[in-house]
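The values are calculated or read from the model by the stated rules, or taken from the named source; none is laboratory data. What you see is a predicted model, and the numbers here were worked out from it, not measured in a lab. In this analysis, Cβ positions are derived from the backbone assuming ideal geometry, glycine residues included, and neighbour counts consider all displayed protein chains. When the accessible area is computed, the model is the full protein with side chains, heavy atoms only, and any ligands, DNA or RNA have been set aside. Shrake-Rupley method; radii C 1.70, N 1.55, O 1.52, S 1.80 Å.
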Amino acid sequence: MTDVEELLLSRIRDVADYPEPGVMFKDITPLLADPAAFTALTDAFAEIAERTGATKIVGLEARGFILGAPVAVRAGLGFIPVRKAGKLPGATLSQAYDLEYGSAEIEVHAEDLTADDRVLVVDDVLATGGTAEASIRLVHRAGAAVAGVAVLMELSFLDGRPRLQAALDGAPLEALLTV
Ligand SMILES: O=P(O)(O)OC[C@H]1O[C@H](OP(=O)(O)OP(=O)(O)O)[C@H](O)[C@@H]1O
Ligand SMILES: Nc1ncnc2[nH]cnc12
């Protein structure tokens with residue numbers, strides 16, 4: 001494990017049985033509170049954005065906003081919020097999905113993405129992959145391409161990666177940490 005990976009892992013807190021029994025919640029708030037760790041994470045994601053030729057960063061509400069916005073600034077790219085349903089005022093595309101603990105619907109402003117865009121989707125945790133899969137579908141339905149999906153932590157025992165394979169269509173899924 002690299003020094004950066006060790007630093008990031010050390011700043012993620014495990015919370016048992018949250019938000020419901022049986023879930024081991026990966027809490028990133030200690031990482032956000034540590035400027036060295038937050039900067040290292042932002043730099044690692046920005047390197048992925050550059051390497052994959054991304055033209056825009058999509059962040060998934062809410063934790064994907066916190067992580068994705070500084071990546072966009074660092075990489076010199078625009079930031080596009082994918083929000084939970086009912087929060088965006090303009091014309092939207094919507095996608096329903098299931099996640100590790102429940103179900104939800106996400107939306108993007110249709111005009112924010114064009115056929116010229118290659119999008120890097122940024123989030124904190126890949127669990128079942130439901131959220132990431134729905135966001136990939138939204139990007140494609142908006143007419144844009146997916147440069148990749150970048151997450152801080154992949155929970156491999158929930159099999160999100162195989163679930164995403166078809167939707168990714170060859171684009172990389174980059175996890176900085178895998179448990
Ligand atoms: O791979 P999945 O099973 O879809 O789970 C991963 C998603 O779950 C969490 O978000 P959540 O919906 O809890 O929202 P939050 O960021 O607003 O807390 C996490 O930030 C990912 O977006
Ligand atoms: N175990 C988990 N910890 C943090 N975020 C999650 N999103 C889905 N599952 C999660």
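Quick rundown of the values:
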| read-out | value |
| --- | --- |
| Residue under evaluation Tyr97, criteria (1) within 14 Å of ligand 1 (Cβ to nearest atom); (2) in contact with a strand residue (DSSP E or B) (Cβ under 6 Å, 6 or more places away or on another chain), criterion not met | (2) |
| Residue match in the range 148-157 (condition: of a type in the set (Asp, Glu), free of Cβ contacts under 8 Å to residues at least 60 places away in the same chain, surrounded by 14 or more Cβ atoms within 10 Å (Cβ to Cβ) and over 20 Å from Pro19 (Cα atoms)) | no |
| Residues that are farther than 17 Å from Val71 by Cα and either in contact with a strand residue (DSSP E or B) (Cβ under 7 Å, 6 or more places away or on another chain) or at pLDDT below 95 (or both), drawn from the range 20-46 | Met24, Phe25, Lys26, Asp27, Pro30 |
| Residue count for the range 1-58, restricted to those that are closer than 18 Å to Ala127 by Cβ, of a type in the set (D, E, K, R) and open to solvent by 70 Å² or more (accessible area, probe 1.4 Å) | 4 |
| From the options Ala145, Ala166, residue that is surrounded by fewer than 24 Cβ atoms within 10 Å (Cβ to Cβ), away from ligand 1 (no atom under 12 Å from the Cβ) and modelled with pLDDT under 95 | Ala166 |
| Leu120 vs. criteria more than 13 Å from ligand 2 (Cβ to nearest atom), at pLDDT 95 or above and not in a strand (DSSP E or B) | no |
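A quick yes/no check of all residues on (1) of a type in the set (Gly, Ala, Ser); (2) loosely packed, with under 13 Cβ neighbours inside 10 Å:
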residue: Ala96; (1), (2): yes, yes
residue: Leu99; (1), (2): no, no
residue: Ala110; (1), (2): yes, no
residue: Leu113; (1), (2): no, no
residue: Asp116; (1), (2): no, yes
